[in-house]
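Single-structure report; data block below.
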Amino acid sequence: MGVSLGDLGSVRVLVVDDYERWHEFVSTMFQKQPELEIIGRVSDGLEAVQKAKQLQPDLILLDIGLPTLNGIGAARRIREVSPASKILFVSENRSRDIAEEALRTGAGGYVVKSDAGSEILPAIKVVLEGKRFVSASLAGHDLAEPIEDQSGNFQRKDIVIPFRARKKIRHEVEFYADDTGFVDGFAHFIEAALKEGKAVIVVATDSHRASLLQRLTADGLNMPAEIEQGNYIPLEVTRTLSSFMVNNSPDPVMFRKVAGGLIMRAARGVKREHRQVAFCGEGVHVLLAACNLEATITLERMWNEMGTHYELDILFGYFRSDFATEEEISTFERVCAEHSAVYGAK
């Protein structure tokens, strides 16, 4: 991660989340950070308040959606019973209103879970230093509102936002239980893009492309016309990957040439110039299924770069079975960390 916590001394951490895999992910990450000691793990808001009062932790990692008492309510009570504890919200909730309300409790930061793989340690460091950290995917929101300090006064705090998210990118991921879920998820993305007047590039297996065509037609779209006009460009995933893979890894120069050519082709179409483009594909899943994690992450980042340059809407699809074992928790978190939004993770 490149983040040193040694100058902060020993930090006693209470982890509050009702998702067991999250507890396991945090434990795995903290194994490489001896300064961070997990002194308690709870899954309920009321229990979090009780544990905070009992343990007086230095730092509390707090989810929003908790049983009995939600994270925001828990944070307010924790400030009363353990005022010295720093609070860092870690949630998949991306609502601006929710994030603002969470920060108004006096919490030191808000990290979106899908960004946690790259942001959790920097966020912890910033929060423990008494500053405020806002997750990259929320950087476009005005979260610099005055907040109430522990004495009941309102003030502004320095805000740290990761540099990579100064541009807003729609680079989403969805995890599917089966082929039906895959087709449904991609079809929804494609239909929405076409209705907005965008061209769509789809990279999928032959069977998924056939199922998508059938589904889109059943939903009332004139797919022969969409294809003829260049609005819908379906490509086979293995052939597409082979066009820029070298030694089992995406070649940057070849990738930019292939992807850039596809995007420009889609943007021009037949009747319109310079329209927006949406891309959805399962190439990353194919690479991950072949046990090539590093190539998967590399491809994710290359498409992220293209998304920034061309202002693409991007959706990648994986199957939940790709992350079925306990050993694959870190892989799951690395994948999630590359995206602006995560769907179907549970």
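Please treat every number below as a calculation from the coordinates, not as lab data. All values reported here derive from a predicted model rather than from experimental measurement. Note that each Cβ is placed from the backbone with ideal geometry, even for glycine, and that neighbours are counted across all protein chains shown.
By how many nm would the segment from ARG21 to GLU35 lengthen if fully extended, with 0.36 nm per residue of separation less the alpha-carbon distance?
Gain on stretching ARG21 to GLU35: 2.8 nm.
Taking the helices alone, the chain has a mean residue ellipticity at 222 nm of -13000 deg cm²/dmol, built from -39,500 (n - 2.57) per DSSP H run of at least 4 residues and averaged over all its residues.
In percent, how large is the relative contact order of the chain, given Cα pairs closer than 8 Å and 6 or more residues apart? This gives 16 percent for the chain.
I need the GluC sites (Glu not before Pro) found in the range 210-288, filtered to DSSP loop residues with at most 10 other beta carbons within 10 Å of theirs.
Working: sites: GLU226, GLU228, GLU236, GLU273, GLU282; in loops: GLU273, GLU282.
Hits after loop and neighbour filter: GLU273.
Order by neighbour count: THR331, THR105, THR325, fewest other Cβ atoms within 10 Å first, most last.
Numbers: THR331 16, THR105 20, THR325 9.
Neighbour counts put them in this order, fewest first: THR325, THR331, THR105.
Restricting to bridges with both residues inside the chain, how much of the DSSP beta-bridge set is antiparallel, in percent to the nearest 5? If we restrict to bridges inside the chain, about 10 percent are antiparallel. Site pair LYS131 and THR331 shows an inter-label distance of 3.6 nm when each label is modelled 7 Å from Cα along Cα→Cβ. Which of the helices in the chain, when you take each full DSSP H run, stretch at least 20 Å along the axis at their Cα atoms and have an average Kyte-Doolittle score of -1.0 or higher? Going by DSSP H runs, the hits are 179-195, 252-268, 293-310.
Just so you know, the Rg over Rh for the chain is 1.02, from Cα atoms, with Rh as the Kirkwood radius.
Multiply the residue separation of VAL258 and ALA324 by 0.36 nm, subtract the distance between their alpha-carbon atoms, and state the gained length in nm to one decimal.
Working: separation 66, 0.36 × 66 = 23.76 nm, distance 3.27 nm.
Result for the pair: 20.5 nm of gain on full extension.
Taking the centroid of alpha carbons for each part, the range 291-346 and the range 26-50 are 26 Å apart.
What FRET efficiency comes out for the pair THR68/GLU196, r = Cβ-Cβ distance, R0 = 30 Å, nearest 0.05? Before the final figure, lay out each step's value.
Details: r = 41 Å, r/R0 = 1.37.
With R0 = 30 Å, the Cβ-Cβ based efficiency is 0.15.
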